[in-house]
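Working notes, structure below.
The values are calculated or read from the model by the stated rules, or taken from the named source; none is laboratory data. Not measured: the values here are computed from a predicted model. Cβ placement follows ideal geometry from the backbone for every residue including glycine, while neighbour counts extend to all protein chains displayed. Protein only, heavy atoms only, side chains kept; ligands, DNA and RNA dropped before computing areas. Shrake-Rupley method; radii C 1.70, N 1.55, O 1.52, S 1.80 Å.
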Amino acid sequence: MIHGIIFDLDGTLVESSLDFALIKQQIGCPTDQDLLTFIDQLNCPITQQRANDIVLEHENRDANTAKALTGMVELLNYINRQNLPCAIVTRNSKTASEVKLKQNNINIDIVLTRECYPAKPAPDALNAIADQWQIHPKNLIYVGDYLYDIQAANNAGMIACFINHGIDTHYQHLADVIVKSLAELLTILKKHGIKKAL
């Protein structure tokens, strides 16, 4: 039984048009390296700050146009009616995340960004939520649309749910559950049941 659900934000609950290839090009990050890790490892504080500013500029621009993905409202309403604990863990910034939540009327109290804990695939943020809820990780599901989301869930010992939006990836087999949409996830939750932890 699922006693709680945690979501990624970009590409999972809301749209994202972030062009990571362009961002990497602008800050000099190799295409095969993780963007946030690259920035963290920059030795020059000025260069690091400039890189962070570029990322934030892209994120804030993206936040102003992000719309809820199809099925998000129905899914979140269902979870709310079941009194199921719900949270968001994102690699996005706090500022951009708050804009996306506000303009899409997403009322989720716990939202952990990259400023809160080490970014995914590190499990720290997911572990913190499990501790706060006092729910065993095996009874929590983490829903995301990228490899880091699957890895973070696996690292935390949670159920990994991957949304592929109808496009198969070479890494989706690492997830425990694969869905094409939020509507399909809602169907699964209704079929298999969810239960609030006592």
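Given a Förster distance of 25 angstrom, what is the FRET efficiency for R50 paired with E115, based on the Cβ-Cβ distance and rounded to 0.05?
With a Förster radius of 25 Å, E is 0.85.
Would you pull out the residues with amide H under 5 Å of G4's amide H, same chain only if 5 or more places away, H placed 1.01 Å from N?
I141
Rounded, prolate or oblate: which one fits the stretch 62-198, using the alpha carbon gyration tensor with axes a ≥ b ≥ c (rounded when a/c is under 1.5, else prolate when a/b beats b/c, else oblate)?
Rounded shape, in that the Cα axes give a/c under 1.5.
Given H placed on each backbone N at 1.01 Å, which residues far from V111 in sequence or on other chains put an amide H within less than 5 Å of it?
I88
Quick one: of K67/K94; K120/K180; K102/K191; K67/K190; K94/K190, which pairs are farther than 27 Å apart, Cα to Cα?
Going by Cα-Cα distance, K102/K191; K94/K190 fall outside the 27 Å limit.
Just the accessible area for E115, please: 1.4 Å probe, Å², rounded to the nearest 10?
Accessible area of E115: about 110 Å².
Starting from the Cα of T37, step 7 Å toward the Cβ, then list every residue of the stretch 94-138 with an amide N under 12 Å from that point.
119-122
How large a share of the accessible area of the stretch 1-103, in percent, is made up of carbon and sulfur atoms when the probe is 1.4 Å and the other protein chains stay in place? All intermediate terms of the calculation are to be shown ahead of the outcome.
Details: 2660 of 5310 Å².
Carbon and sulfur: 50 percent of the exposed surface of the stretch 1-103.
Just reorder V143, V99 by solvent-accessible area, largest first, 1.4 Å probe, all chains present.
V99, V143
Mind checking the angle between helix 72-81 and the chain's longest principal axis? C-alpha axes, 0 to 90 degrees, to the nearest 10.
Helix 72-81 and the main axis of the chain meet at about 50 degrees.
At 1.4 Å probe radius, can you tell me the per residue accessible area of the stretch 76-198 in Å²?
With all protein chains present, the stretch 76-198 gives 52 Å² per residue.
Hey, how many Å between the Cα centroid of the stretch 50-92 and the Cα centroid of the stretch 155-182?
First find each Cα centre; the distance between them is then 18 Å.
Using 19 Å as the cut-off for backbone N distance, which residues of the stretch 40-75 belong to the label zone defined by a point 7 Å from the Cα of I188 along Cα→Cβ?
69-75, by backbone N distance to the label point.
For the stretch 115-198, which whole-number percentage of the solvent-accessible area (1.4 Å probe, protein heavy atoms only) is attributable to carbon and sulfur atoms?
Carbon and sulfur together cover 52 percent of it.
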